[in-house]
Amino acid sequence: MFEQTFKNIDDILHKDAGCGSELDYVEQTSWILFLKYLDDLEKDKKTAAELSGKTYTPIISNQYKWAVWAAPKNKEGKLDHHKALTGDDLSDFVNIKLFPYLKKFRADALSADTIEYKIGEIFTELKNRIQSGYNLREVINRIDELRFRTHAEKHEMSHLYEDKIKNMGNAGRNGGEYYTPRPLIKTIVKVVAPEIGDKIYDGALGSAGFLCEAFDYLKNGPTPALPKGEGGKPVASKLTTKEIEILQKRTFYGKEKKSLAYIIGIMNMILHGVEAPNIIHTNTLAENLADIQDKDRYNVVLANPPFGGKERAEVQQNFGIKSSETAYLFLQHFIKILKAGGKAGVVIKNTFLSNTDNASVSLRKMLLEDCNLHTVLDLPGGTFTGAGVKTVVLFFEKGVPTKKVWYYQLNLDRNLGKTNALNENDLAEFVKLQKTKADSENSWTVNLKNLDTTTYDLSVKNPNKKEEAALRSPKKILDEMKTLDEESAAILESILELV
C-alpha cells in the first residue's frame, strides 16, 4: 500500500515546476505525510483518553484539521469535492494560512520537549514547494488513502520512509550524507547493546537512522530473545509505562547542522514513534570541548560523522587536536561527551587507522589512552553507495586504556553497489564472533604491547589472509622481456642452423 503510493506521489511531483529532484520529493512528501500521521495520532490519543474517562485537548484547532482542509468527506466517506480546496485556493490556504499557523506552535509551546514545539520547528524550516495546487490536491488525495493506526501499518510506513531517505543519496546536493545503510546501523546497535535508561546520542544526526534503530532495538528487545508470533515474526516485548516514558522523553538526543537533514530526522523519529525527539538544529563542532560538563554527557554514542568535510579555523580552535577534517573533530567530541564507562560505535574512514600526519597520530594516541578500543570492523568498498572511500567502525568504551584490539575484516564474495547492497546476513558472522572476540579466517587480535608508539599505526593487516603476489617493478619486467627475447633469438638461430 505505502510503496505504490510513494511511487505515485513521486510521479506527480516530477511534473511540478517547484520540485526538481528526489530531495524535493522527500521534503514535500514528508510534510504532507506528517500532517496525515498527526491526524491519525490525534484520533488514537482521543480514543485512549475517552476509554480512561479523560477529556482530550486537540493539538490542531478545528479549521486546520486534516479532515477539514485536506480531506473533507461526504456521508459515504468519500472526498467531498464541493468542500475540498484545489488549484490556487488550495495553494493560497496552505501558504498563507496553514504554514503560518503551524509555525506559531514553536513560540506557543510550553517547552521544547513537546510535540507542539516540534511541529512549530518543522514548519518554520520547511516551505511548500509544490507550485501547482492541482498537483498538491493529487498528492493529498494519495496520502489520505494511507492509514497509520495499527502497529503493522506504522512499521511498514516508517521503513518505506527510510527507503525514500536512502534514495536522496542518488539525488545530488550531498543527499548521501543523510543515509547510513540500515543493516550496518542494526549491527552497530546490536554490538553496542544499549539498555533502557541509557542516554543515547548522535551529534551528526543526518536522517536519525541510528536513533530510530536504537529505539526499535530497545522497544522490542534484542531480536533473538523474543518469542515468535504468527508467521515466525518476533513479538514485541511488553514495556512498563515508566519504561515507555523514559524511551519517549529521556533516551534519544541528537544534533544536526543542515536544515533539511534536521527536519527529515525529526519527522523520521516521530514517524517511528518517538513523539518529541530531543534534536537540536546546530553545528555540533561549534561547541567548545572545554565547556562540556558531566551533566552534558551520554552513556552511548552511535554515529557516522561526515568525512571529507572541512571546518573553519575558528571551529578548529574548540579542539585540542587541530584538524580541518570534520570526522577527526567529531571523534574528539564523541570521546569528550561520553560518560566514564560509556560505549560508542562510530563509522570513520579507514585511512584514520594509518595516516601519518600529526592530527591522525595524536588522535589515535588519545583514543587508545582514554578509551578501550576493543573492536574494529573493516568494511569493503561499496558499503556506502556512491562514496569512493573505504570505512571502518570503531567500537570503544571510555575510561580505561586499550590493551588489545579485535579486528574483523568483512570479506564478501561479491562487489557491493546500488543493486547489490550490504545486508544483515553479510554481518552475521561478525556479530557472532564479536561476542567472544574469537579468531577466524576474517578476525584476529592485536596486542598493544607490540604497537609502534611513534606512529600508533592501527592498520588493518589480516594475518590469516594469503598475501597476493607483489607487483613487479617495471625494470624487472623489462629485464625479463629482454631475457625471453634473447632466449627466443637463440632458439630461432638453432632452428635456422638445422634447416
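The values are calculated or read from the model by the stated rules, or taken from the named source; none is laboratory data. Keep in mind the model is a prediction, meaning the values are calculated, not measured. Cβ placement follows ideal geometry from the backbone for every residue including glycine, while neighbour counts extend to all protein chains displayed.
A few notes on this one:
- Close pairs from region 353-376: first of a type in the set (A, V, I, L, M), partner assigned to a helix (DSSP H, G or I), Cβ under 6 Å, at least 6 apart: A359/Y328; L363/Y328; L373/L367
- When region 289-311 is filtered for residues that are exposed (fewer than 11 other Cβ atoms within 10 Å of the Cβ) and not small (G, A, S), the ones remaining, listed by number, are D291, Q293, D294, K295, K310.
- First in region 434-446 and touching a residue at least 24 places away in the same chain (Cβ under 8 Å) and assigned by TED's automatic domain parsing to the domain that holds V405, second anywhere and part of a strand (DSSP E or B) and surrounded by fewer than 16 Cβ atoms within 10 Å (Cβ to Cβ), Cβ under 6 Å, 6 or more apart: T445/K404
- Residues of region 356-382 satisfying the condition of being of a type outside the set (A, V, I, L, M), touching a Leu at 6+ places or on another chain (Cβ under 9 Å) and closer than 19 Å to G309 by Cβ: S360
- Members of region 390-446 that are charged (D, E, K, R), closer than 23 Å to A340 by Cα and exposed (fewer than 14 other Cβ atoms within 10 Å of the Cβ): K403, K404, K435
- Some residue of region 267-277 being within 20 Å of F330 (Cβ to Cβ) and modelled with pLDDT of 90 or more: no
- Test: D40 is of a type in the set (D, E) and free of Cβ contacts under 8 Å to residues at least 24 places away in the same chain: no
- Residue pairs meeting the criteria (Cβ under 7 Å; at least 6 apart or on separate chains; first farther than 13 Å from L448 by Cβ, in region 386-413; second of a type in the set (F, W, Y) and modelled with pLDDT of 95 or more): Y408/F430; L410/F430
- I130 vs. criteria in a loop (DSSP other than H, G, I, E, B), buried (at least 16 other Cβ atoms within 10 Å of the Cβ) and assigned by TED's automatic domain parsing to the domain that holds A70: yes
- Among the conditions (1) over 23 Å from E256 (Cα atoms); (2) among the aliphatic types (A, V, I, L, M); (3) under 23 Å from the mean Cα position of the chain (by Cα), V405 misses just one, which is (3).
- P401 being of a type outside the set (S, T, N, Q) and in contact with a Ser or Thr (Cβ under 8 Å, 6 or more places away or on another chain): no
- All conditions in (1) surrounded by fewer than 16 Cβ atoms within 10 Å (Cβ to Cβ); (2) assigned by TED's automatic domain parsing to the domain that holds I335; (3) more than 26 Å from T326 (Cβ to Cβ) hold for K461, with the sole exception of (2).
- Region 252-301, residues that are closer than 20 Å to L23 by Cα and acidic (D, E): E256
- Residues of region 346-383 satisfying the condition of being basic (K, R) and at pLDDT 95 or above: R364, K365
- Sole residue being surrounded by fewer than 18 Cβ atoms within 10 Å (Cβ to Cβ), over 19 Å from L126 (Cα atoms) and either modelled with pLDDT under 95 or within 26 Å of the chain's Cα centre (by Cα) (or both), chosen from T86, T55: T55
- Verdict on N372 being of a type outside the set (A, V, I, L, M, F, W, C) and more than 23 Å from Y407 (Cβ to Cβ): no
- Taking the conditions (1) without any contact (Cβ under 8 Å) to a residue 40 or more places away in the chain; (2) out of contact with any strand residue (DSSP E or B) (no Cβ under 9 Å at 6 or more places or on another chain); (3) closer than 21 Å to L136 by Cα in turn, T47 satisfies each one other than (3).
- Only listed residue being closer than 30 Å to K365 by Cα and either in contact with a helix residue (DSSP H, G or I) (Cβ under 8 Å, 6 or more places away or on another chain) or assigned to a loop (DSSP other than H, G, I, E, B) (or both), chosen from V431, V446: V431
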